[in-house]
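Asker: My questions all concern the structure below.
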Amino acid sequence: MNQMRLRATIGAVLAGNLLACAFAPSAFASSHREAPFITRNPKIDATDFYMFRSYQAGRSDFTTLIANYVPLQDAYGGPNYFMMDPDALYEIHVDNNGDAKEDITFQFRFKNTNKDTQLTVGGKKVSIPLVINGGPIADANAAGANVRETFTVTVVRGDRRGGARAVVANADGGGTTFDKPLDNIGNKSIPNYDAYAARHLYNVTIPGCTAPGKLFVGQRKDPFVVNLGETFDLINIKAPAVEFSANAEKGAKDDLANKNVTTLSMEVPTSCLLNATAGDPVIGGWTTASLRQGRLINPTPKSDADVSKEGGAWVQVSRLGMPLVNEVVIGLKDKDRFNHSKPAADAQFADYVTNPTLPALVEILYGSAGAKAPTNFPRNDLVAAFLTGIKGVNQPKTVTASEMLRLNTSIAPTAPGAQKRLGVIEGDNAGFPNGRRPGDDVVDVALRVVMGKLCTINIGCAPSDAPAGALRFTDGAYLDETMVGTAFPYLKSPIPGSPQK
């Protein structure tokens, strides 16, 4: 077998493991604490990545890119809450020619300024311990805020480190520095959080684009739903093959129902993301976070800005494209290695995917209930869904098999009210895995596709290859579009740390 075919076969088995692991105990957190290094660095932990044609009325010529970071935020998590890491580089990458390499990158850098508000106590000025200094907050960089968090965005065309760089600017007020809102401390500190957050939604000029885009960075309600507790408890959920009912998809608790997340959101003119030379409407996308290669800890810091010194080259330490990959495909000892890798080098993880065992695990756990694993090898149905795109839906004209989210921008967005939470497998080709919208229930899609749903419609395999392909697998945590917004930035306002007036 030549090298190209070998890699294709490896990719197929990789995809087979990808969704099969959706039944594994760590599978259902889209990307929360998925690697050892990330557990020690939650500020650079990417939780979810979304890419879809904007479905807000009048915005169908735009594509929305959303990278969520800092998982499992408890709204009451003060006094520091969840500021981003000023020593990190957060990036959203777009591949617009199918070669598994970034062609456009949006880079986010953050800066935290401690205003050091002091009170006179017993004749001495003493710094306060809170991020606000009294009085309600309503405006960006309000006088009552003791900390100001700002950020910049740079667009890079070509290689993320060596390409042509230009700075994204505020299209209304000018300038290239943007304010990030404080997290939703509570109704006494920020009485109208929706109005306050809206003051941080910017129209932006993106170099190389003919029309302004939109930008928002801030805390939001986590839109991902999952029955985490029972899943972690050795898949302690009902066997869907024999116990499914009309209410099964809503029969379990969403363990993220009270969690917030930090979102990096951009709405970009779709034409600005395409490669005019390639003439291909399909783009790929993923997000990464990087840290400096070296860190020196100061044993006697004089301020919070003096705790450590960072230096050296940027090193990628977090990566997320399609949901459920690092959690359920990569072995524990190589999870950090995967986070350091780029899509073009995905063949290096072949040892984990040449002999997929987790589909067999599903059969062991639920085989008596009819959950038989698919029998087609390699799993070409999953290659199409996760590594190359589905031909006729979201496969690029020329494609290098690799893990990323792929979106066919020529497919019109489905309007709110008509969207199907199961996306393509429910007949809505504007949804997952053709990109991913916040209202797409990727857990239920993953469960059904791993057990052969695509075989039932002859994508990469035949119905006879998937004995359980028609079963309606679910984790019982239900997601629909009413749980997300209908306008940019689409994710709803975060849960307040204190709801009392």
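The values are calculated or read from the model by the stated rules, or taken from the named source; none is laboratory data. What you see is a predicted model; the values in this text were computed from it and never measured. Note: ideal-geometry Cβ built from the backbone for every residue, glycine included; neighbour counts use all protein chains shown. Note: accessible area is taken over every heavy atom of the protein model, side chains too, but ligands, DNA and RNA are not part of it. Shrake-Rupley method; radii C 1.70, N 1.55, O 1.52, S 1.80 Å.
Asker: As a test of understanding, state the convex hull volume per residue of segment 30-85 from its alpha carbons, in Å³.
Answerer: Spelled out: Cα convex hull of segment 30-85, divided by residues, is 115 Å³.
Asker: Along the positive direction of the dipole of the chain (beta-carbon charges: Lys, Arg +1; Asp, Glu -1; about the Cα centre), which of 90, 410, 64 reaches farthest?
Answerer: With unit charges placed on the Cβ atoms, the residue in question is 90.
Asker: Only Lys, Arg, Asp and Glu count, each charged at its Cβ (+1, +1, -1, -1), so figure out the dipole size of segment 377-483 about its Cα centre, rounded to 20 debye.
Answerer: 300 debye
Asker: Also, I was wondering about something else. Less than 15 Å Cβ to Cβ from residue 395, Lys/Arg counted +1 and Asp/Glu -1: what total charge do the surrounding residues give?
Answerer: It works out to a net charge of -2.
Asker: Moving on to the next point. Separation between the residue 309 and residue 171 pseudo-spin-labels, each 7 Å from Cα along Cα→Cβ, expressed in nm?
Answerer: Result for the modelled spin labels: 4.3 nm.
Asker: Let me have the relative contact order for segment 81-184, percent, based on Cα pairs under 8 Å that are six or more residues apart.
Answerer: 25 percent
Asker: Give, in nm to one decimal, the length gained when the segment between residue 458 and residue 211 is fully stretched (0.36 nm per residue of separation minus the Cα-Cα distance).
Answerer: That pair, residue 458 and residue 211, stretches by 84.8 nm at full extension.
Asker: Then there is this: Using alpha-carbon positions, what is the distance between the centroids of segment 137-214 and segment 264-281, in Å?
Answerer: Value for the Cα centre distance between the two parts: 21 Å.
Asker: What length, rounded to one decimal in nm, is gained on full extension from residue 61 through to residue 472, with 0.36 nm per residue of separation minus their alpha-carbon distance?
Answerer: 144.5 nm
Asker: Taking the Cβ of residue 78 as the centre, find all other residues whose Cβ is under 13 Å away and add up their charges (Lys, Arg: +1; Asp, Glu: -1).
Answerer: The answer is -1.
Asker: Which residues' amide hydrogens lie under 5 Å from the amide hydrogen of residue 280, considering only partners 5 or more residues apart or on another chain, with H built in the peptide plane?
Answerer: Residues meeting the criterion, in which the H sits 1.01 Å from N, are 275.
Asker: If I take every Cα pair under 8 Å that is 6 or more residues apart in segment 146-221, average their sequence separation and divide by the length, what percent do I get for the relative contact order?
Answerer: Rounded, it is 28 percent for segment 146-221.
Asker: Quick one: which of 432-439, 80-87, 301-308 comes out on top by average Cβ neighbours within 10 Å, and what's the full order, highest first?
Answerer: 432-439, 80-87, 301-308
Asker: Provide the per-residue ³J(HN,Hα) series for segment 164-169, in order, calculated from phi with Karplus coefficients 6.51, -1.76, 1.60 and θ = phi - 60°, each as a whole number of Hz, with x at glycine and proline positions.
Answerer: 6, 10, 8, 9, 6, 10
Asker: How far apart, in nanometres, would the label points at residue 250 and residue 109 be if each is projected 7 angstrom from Cα along the Cα-to-Cβ direction?
Answerer: Taking the two extended label points, one gets 4.9 nm.
Asker: Between residue 292 and residues 5 or more places away or on another chain, which pairs have amide H atoms under 5 Å apart, with H built 1.01 Å from N, and which residues are they?
Answerer: Placed amide hydrogens put 315 under 5 Å from residue 292.
Asker: Only loop residues by DSSP count here, and only those with at most 13 other Cβ atoms within 10 Å; note down the trypsin sites (Lys or Arg not before Pro) in segment 69-112 that meet that.
Answerer: none
Asker: When the gyration tensor of segment 87-230 is built from Cα positions, what are the square roots of 5 times its three eigenvalues, in whole Å, from largest to smallest?
Answerer: 34, 20, 16
Asker: Separate question: If a paramagnetic tag sat 7 Å from the Cα of residue 344 along the Cα-Cβ line, which residues of segment 101-128 would have the backbone N under 16 Å from that point?
Answerer: Only 101-105 fall inside the zone, counting backbone N under 16 Å.
Asker: Going through the DSSP H helices of the chain, which span 18 Å or more along their own axis at the Cα atoms while scoring at least -1.0 as a mean Kyte-Doolittle hydropathy?
Answerer: 3-20
Asker: Turning to a different aspect of this structure: Please compute the modelled spin-label separation between residue 337 and residue 33, points set 7 Å along Cα→Cβ, answer in nm with one decimal.
Answerer: With each label point 7 Å from Cα toward Cβ, the separation is 2.5 nm.
Asker: At 1.4 Å probe size, with every protein chain present, just tell me what the per residue accessible area of the chain comes to in Å².
Answerer: For the chain, the solvent-accessible area averages 40 Å² per residue.
Asker: If you place +1 on the Cβ of every Lys and Arg and -1 on the Cβ of every Asp and Glu, how big does the dipole about the Cα centre of segment 34-180 come out, in debye to the nearest 20?
Answerer: 540 debye
Asker: Related question: For the chain, which whole percent of the accessible surface, found with a 1.4 angstrom probe, sits on carbon and sulfur atoms?
Answerer: 54 percent
Asker: Still on this structure: Whole angstrom only: what separates the Cα centroid of segment 35-63 from the Cα centroid of segment 405-453?
Answerer: Their Cα centres are 16 Å away from one another.
Asker: Here's something else I'd like to know. So who's got an amide H within less than 5 Å of the one on residue 259, skipping anything under 5 residues away but keeping other chains? H placed 1.01 Å off N, in plane.
Answerer: 222
Asker: Using Cα pairs closer than 8 Å and at least 6 residues apart in sequence, work out the relative contact order for the chain, in percent.
Answerer: The value is 24 percent.
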